[in-house]
Amino acid sequence: MKKRESVLIIGGGVIGVCSAYYLAERGMTVTLVERDDICSGCSYGNAGLIVPSHSVPLATPKTLAKGLKWLWDVESPFYIRPRFDLALLSWLLQFRAACREAKVRQAVPLLRDLQRASVALYGELASLLDFGYRQVGMLTLFKSGRDLEEGVHDAELLREHGFAPQVLDQGAVREREPCVRPEVVGGIYCDEDAHLDPSKFVTGLARLVEGKGVRIQRKTEVIGFEVSGRKVLKVKTTKGDFQPEQVVLAAGAWSALLARDLKIKLPVQPAKGYSITVRRPDRCPSVPLILSEARVAVTPLNCVLRFAGTLELAGFDLSINRRRVQAILRAIREHLQIGDELEQLELWRGLRPCTPDGLPIVGRSGSYENLIFATGHGTLGMSLGPITGKLVAQIASGEKTGFDLTSLKSERFQ
């Protein structure tokens, strides 16, 4: 029998490790269990973007309209592999219901405030660790006038919520980033955004929390729970049982499978994304880029350049779809002049945990009083990592959070 812990965290990605840090800061006894290794999931190879400017959730009327055209195109930014899956069907119906303008406008202020809080926390953490953190903004590129018009519309929505995006014409884009091809008709620059090396951040913070007394157990898979009434009594793992006072479920795309053992339905779908990391070419963007139509991110990271993107709902299948990888590389060639012979260092894929409404699930479970959810961050896991970790610590210690987390509760889907 394992020693009784005050808090057990399930999941060793950015959310779990940030939660461990802020819980330890409050003097709690913390154990973190990870089925593989720290930062082995989608926290490893993502674009490393911290994006307050992307405070519009995934579920929007525009996404729904475009998604209907993309769904069955294997090379599209958003692809669903045809299969019979009742959980996926339910998720899609909830996604469609969430794609309403009123729900979008309700979500933007909360995502904005959470992401800005995360930026501030990253600034504090950067004084403790070197993880390539730079707040130099981000530039979104558009190849068609119609898409640029839609981008300007989104920029107006951001202005309503206190952002100051700059709309750039073709000449201004190339003046800022000479490696952009002439076919790009315009762009939108947001100076609040930042970027980092995600692997360096998560592994570095994990080492820091271990130094603070957090016990990290790698290669430790959760295989079940023992409950009594409204309490989780035991967490059963491949390396023995734990009897925590509180449990934090931060297992990313696997959270829904674990919650099922507790008879809780979490509408979290694994959404596969890819990244290609190349040696940094001589011609390289100075700030991160988003290729709007292709939904591809381009991030300069020290000695490398990373291309990341696509959203593929294919269950827990981690196989590599070469056509989708080629679609990313084709988008790079169509937008940027950075050389024909790029030295590829790594091809990666990972599963993002996506909710139907594009908002994470953060807060105490309504079913178990000692269970805290911290999952479903979709493409914003890195962006929301520190603030989610701080919220988890505040919830666990009974502090006021300073945020109204009602719209992040798991019960909103019931």
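The values are calculated or read from the model by the stated rules, or taken from the named source; none is laboratory data. As the structure is a computational prediction, the values presented were derived from the model and not from experiment. Positions of Cβ are generated from backbone atoms using ideal geometry, with glycine treated the same way; all protein chains shown enter the neighbour counts. Just the protein is used for accessible areas: all its heavy atoms, side chains included, with ligands, DNA and RNA removed. Shrake-Rupley method; radii C 1.70, N 1.55, O 1.52, S 1.80 Å.
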(message) I'd like to verify a number: residues in the range 15-42 that are at pLDDT 95 or above, in contact with a strand residue (DSSP E or B) (Cβ under 8 Å, 6 or more places away or on another chain) and over 19 Å from Leu391 (Cα atoms), how many?
(response) 4
(message) Pull out all pairs, ordered by first then second residue, where Cβ-Cβ is under 9 Å, the residues are six or more apart or on different chains, the first lies in the range 76-88 and is within 8 Å of Ala314 (Cα to Cα), and the second is part of a helix (DSSP H, G or I) and aromatic (Phe, Trp, Tyr).
(response) Ile80/Trp70
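Listed here are the residues, each with its yes/no results for (1) assigned to a helix (DSSP H, G or I); (2) more than 26 Å from Val136 (Cα to Cα).
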residue	(1), (2)
Gly273	no, no
Asp282	no, no
Glu293	no, no
Ser319	no, yes
Arg324	yes, yes
Ala327	yes, yes
(message) When you check Gly240 against the structure, is it farther than 20 Å from Phe95 by Cβ and at pLDDT 95 or above, yes or no?
(response) yes
(message) I need the full set of residues from the range 125-149 which are exposed (fewer than 15 other Cβ atoms within 10 Å of the Cβ) and farther than 19 Å from Leu49 by Cβ, in order please.
(response) Ser127, Leu128, Ser144, Gly145, Arg146, Glu149
(request) Just name the residue that is surrounded by the fewest Cβ atoms within 10 Å (Cβ to Cβ) out of those in the range 214-243 that are within 27 Å of the chain's Cα centre (by Cα) and outside any strand (DSSP E or B). (result) Lys219
(message) Being more than 30 Å from Val104 (Cα to Cα) and either open to solvent by less than 10 Å² (accessible area, probe 1.4 Å) or of a type outside the set (Ser, Thr, Tyr) (or both) is the requirement here; does Arg323 meet it?
(response) yes
(message) Can you tell me which residue is modelled with the lowest pLDDT among those in the range 74-99 that are surrounded by fewer than 15 Cβ atoms within 10 Å (Cβ to Cβ) and either touching a Lys or Arg at 6+ places or on another chain (Cβ under 8 Å) or of a type in the set (Lys, Arg) (or both)?
(response) Val74
(request) Identify all residues within the range 182-213 that are aliphatic (A, V, I, L, M), free of Cβ contacts under 8 Å to residues at least 60 places away in the same chain and either out of contact with any Ser or Thr (no Cβ under 9 Å at 6 or more places or on another chain) or not in a strand (DSSP E or B) (or both); write none if there are none. (result) Val185
(message) Criterion first (among the β-branched types (Val, Ile, Thr), touching a strand residue (DSSP E or B) at 6+ places or on another chain (Cβ under 7 Å) and under 20 Å from Gly27 (Cβ atoms)) does Ile216 satisfy it?
(response) yes
(request) Give the residues of the range 358-370 that are surrounded by 24 or more Cβ atoms within 10 Å (Cβ to Cβ) and either in a strand (DSSP E or B) or in contact (Cβ under 8 Å) with a residue 60 or more places away in the chain (or both), sorted by residue number. (result) Gly358, Leu359, Ile361, Val362
(request) Report whether or not Leu408 is at pLDDT 95 or above, closer than 30 Å to Thr63 by Cα and open to solvent by less than 10 Å² (accessible area, probe 1.4 Å). (result) yes
(request) Please tell me if Leu110 is open to solvent by less than 10 Å² (accessible area, probe 1.4 Å), touching a residue at least 40 places away in the same chain (Cβ under 8 Å), in contact with a Ser or Thr (Cβ under 8 Å, 6 or more places away or on another chain) and not basic (Lys, Arg). (result) no
(request) Examine the range 329-352 for a residue that is touching a helix residue (DSSP H, G or I) at 6+ places or on another chain (Cβ under 6 Å), surrounded by 20 or more Cβ atoms within 10 Å (Cβ to Cβ) and more than 26 Å from Ile188 (Cβ to Cβ), and state whether such a residue exists. (result) yes
